[in-house]
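Comments concern the structure below.
Nothing in this text is a laboratory measurement; each read-out follows from the coordinates by a stated rule. All figures in this text were calculated on a predicted structure; none of them were measured in a lab. Cβ atoms come from the backbone with ideal geometry, glycine included; neighbour counts cover every protein chain shown.
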Amino acid sequence: MRLRGSSTAGWLVGLAAGLGVGGLALRSADAPAAAYTAFQHRAWYIYLISQYTQWPTNTFADPSAPFVLGILGKDPFGRDLDLIKDKPIKQRALKVLRFKEAADITTCHALYVADSDPERVRAILTALAGRPILTFGETAPFRRHQGIVTLWEQPETRDKAYLYFDINRAAARQAGLRISAYVLKLARPDPHAASPP
């Protein structure tokens, strides 16, 4: 699926300007060349939500330290991350690192958890608990085990869907992160997700 260009542009510009409402439209591969792919779309969410998040003041080693985005597990983005690779986050150069295990993570500020195995996701998020890392994921185990930003799709038709996000505010507070009230207002719980036990 690809993103409907006009919906994408409107939502992203709106978010950046403090005016956006709603999700980003995705559609099939017959979309115009300017449309975003599903994972370029996800890259934009990571980029913009990170821009609107505050980390503890001692998180970065020095004023020139990069902002590190980690991908944990098999990378689903590929070249789609090129969309944001040259864009600074929090006025810092963006550096992308890929990790196989949570134990490999040293410096990391935002992390996309690609793993979907329930036990591994639980172990990953338990290992990261309390660290100032803005976690992103898309699975039920990620949501259940206190991942911070859960991305989810709402199908509209056979070849069109919208991508939304939900935010676990308690998990963000535990990590010492402050997410903009504007972003929190845009968050939308997945109505199809089972309530956590």
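The criterion of at least 1 residues that are farther than 15 Å from Ile46 by Cβ and among the aromatic types (Phe, Trp, Tyr) is met by the following strands (runs of 3 or more DSSP E) wholly inside segment 90-165: 94-99. When Arg122, Arg178, Arg144, Arg131 are checked against the criterion of being free of Cβ contacts under 8 Å to residues at least 40 places away in the same chain and among the basic types (Lys, Arg), a single residue qualifies: Arg122. The residues on offer are Ala181, Ala187, Ala193, and the sole one that is surrounded by fewer than 21 Cβ atoms within 10 Å (Cβ to Cβ), farther than 28 Å from Ala35 by Cβ and not polar (S, T, N, Q) is Ala181. Consider Ile105 carefully, then state whether it is free of Cβ contacts under 8 Å to residues at least 40 places away in the same chain, among the aliphatic types (A, V, I, L, M) and crowded, with 17+ Cβ neighbours inside 10 Å. Taking the combined requirement at face value, the residue satisfies it. Just one of the listed residues (Thr126, Thr139) is in contact with an Asp or Glu (Cβ under 9 Å, 6 or more places away or on another chain), surrounded by fewer than 21 Cβ atoms within 10 Å (Cβ to Cβ) and of a type in the set (Ser, Thr, Tyr), and it is Thr139. The residues of segment 105-128 that are farther than 16 Å from Leu69 by Cβ and either basic (Lys, Arg) or more than 17 Å from the chain's Cα centre (by Cα) (or both), listed by number, are Asp117, Pro118, Glu119, Arg120, Arg122, Ala123, Thr126, Ala127.
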